[in-house]
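The values are calculated or read from the model by the stated rules, or taken from the named source; none is laboratory data. Being a predicted model, the structure only gives us computed values, none of them experimental. Neighbour counts are summed over all protein chains in view; Cβ atoms, including those assigned to glycine, are modelled from backbone coordinates with ideal geometry.
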Amino acid sequence: MENEFDALKKDFDENGFVIVQNLLDTATLENLRVGLKKITNNINSVSPNLAGKLFFEREHIKNNPQYYQGVVTAEECGDSVRQIEDLPLFDSAFADLIYYPRLLDVLENLFESPEFSFTMMLARPKAARVGNGIGNGNFHRDTPFEEFTEANTIVSILCLDEMAGENEGTQFVRGSHKISDEEARKETWRDVETAELSPAEIVMARCPAGSAIFFDTKVLHAAGHNRSPYPRRTIQIEWVGADVLPTSPVRYAFQGLKPRSQQPAFARQNK
């Protein structure tokens, strides 16, 4: 196990991302699929206090018509859910991920500390044929969107379906995280045309369902459109390193939990 973690850490530091195959056990994967399907297939049954946390593909297309002329219409999207915020509030199966041992083992290794903390969790169901990307599938860094005291953030993407070329798996520019925090926060990195990048630098994540992708938010990455006949459901969890604090007034469900902390106060909170 130690050698495996050493290899993961080396790949992460070199590339800015790492893929851990089959991180989720079979039962957990199935429970997450069932829990997500319960939301997306029964949107009218979602309680009023949580309904506002659902964002639909049709709304996204109406807000960004310039990307979808002649490609897909809002009407074609029907009730396809684009994003579910504060996912742990919907089902204990999602909340339990904050303490999922295998996930935490990898994070503790990548952060090189048990004092990392949870920020937020959301789902992106990426429905078949009408699941749309972020920023028209252009590359970006997450750091310009972040509001923390320093740039030390890792996002873990849990793949509930296979991620592959056909359903436009997440793409990364290998090694592009090796820049200063100041540079990574510049607004210019919110949207980068693929044509500006060398094709040789771009890597598409390919992994079976149950796998996880971990990436440094300074790395250039892109989430493309899913025009395949299959969904590409993911759960995305944001974590920050030790002593990183938010500077925004916005807070998410369970934000600030430190599931591996050795500090007595946080350990009591986790019981």
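Would you list the strands (runs of 3 or more DSSP E) that sit entirely within region 172-271 and hold 2 or more residues that are touching a residue at least 60 places away in the same chain (Cβ under 8 Å)? Steps first, answer last, please.
Details: elements: 202-204, 212-216, 234-240.
Fully inside region 172-271 and qualifying: 212-216, 234-240.
You will find that of Asp6, Asp11, Asp25, Asp86, the residue that is among the charged types (D, E, K, R) and on the phi > 0 side of the Ramachandran plot is Asp86 and no other.
Among the residues of region 214-247, which ones are aliphatic (A, V, I, L, M) and buried (at least 22 other Cβ atoms within 10 Å of the Cβ)? Within region 214-247, Val219, Leu220, Ala222, Ala223, Ile235, Ile237, Val240 meet the criteria.
Might you let me know whether region 54-76 holds any residue that is within 17 Å of the chain's Cα centre (by Cα), surrounded by 18 or more Cβ atoms within 10 Å (Cβ to Cβ) and either free of Cβ contacts under 8 Å to residues at least 12 places away in the same chain or more than 18 Å from Leu158 (Cβ to Cβ) (or both)?
Among the residues of region 54-76, at least one is within 17 Å of the chain's Cα centre (by Cα), surrounded by 18 or more Cβ atoms within 10 Å (Cβ to Cβ) and either free of Cβ contacts under 8 Å to residues at least 12 places away in the same chain or more than 18 Å from Leu158 (Cβ to Cβ) (or both), which makes the answer yes.
Residues in region 117-133 include none that are surrounded by fewer than 19 Cβ atoms within 10 Å (Cβ to Cβ), free of Cβ contacts under 8 Å to residues at least 24 places away in the same chain and out of contact with any helix residue (DSSP H, G or I) (no Cβ under 6 Å at 6 or more places or on another chain).
Quick grid of which residues meet (1) closer than 25 Å to Trp239 by Cβ; (2) at pLDDT below 95:
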| position | (1), (2) |
| --- | --- |
| Ile157 | yes, no |
| Glu166 | no, yes |
| Ser176 | yes, no |
| Ser180 | yes, no |
| Thr188 | no, no |
| Val192 | yes, yes |
| Glu196 | no, yes |
| Cys207 | yes, no |
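Candidates Asp86, Asp161, Asp79: the one that is farther than 26 Å from Ser228 by Cα and either at pLDDT 95 or above or touching an Asp or Glu at 6+ places or on another chain (Cβ under 6 Å) (or both) is Asp86. With respect to the conditions (1) within 21 Å of Lys126 (Cβ to Cβ); (2) at pLDDT below 95, Phe5 falls short on a single one, namely (1).
With the condition kept exactly as written, say whether any residue in region 90-106 is more than 23 Å from Gln21 (Cα to Cα), touching a residue at least 24 places away in the same chain (Cβ under 8 Å) and over 14 Å from the mean Cα position of the chain (by Cα). Before you say what the answer is, go through the steps one by one.
Of region 90-106, the ones more than 23 Å from Gln21 (Cα to Cα) are 90-92.
Filter once more, so that each one left must be touching a residue at least 24 places away in the same chain (Cβ under 8 Å): 90-91.
Filter again for over 14 Å from the mean Cα position of the chain (by Cα), leaving 90-91.
Yes; the residues of region 90-106 include at least one that is more than 23 Å from Gln21 (Cα to Cα), touching a residue at least 24 places away in the same chain (Cβ under 8 Å) and over 14 Å from the mean Cα position of the chain (by Cα).
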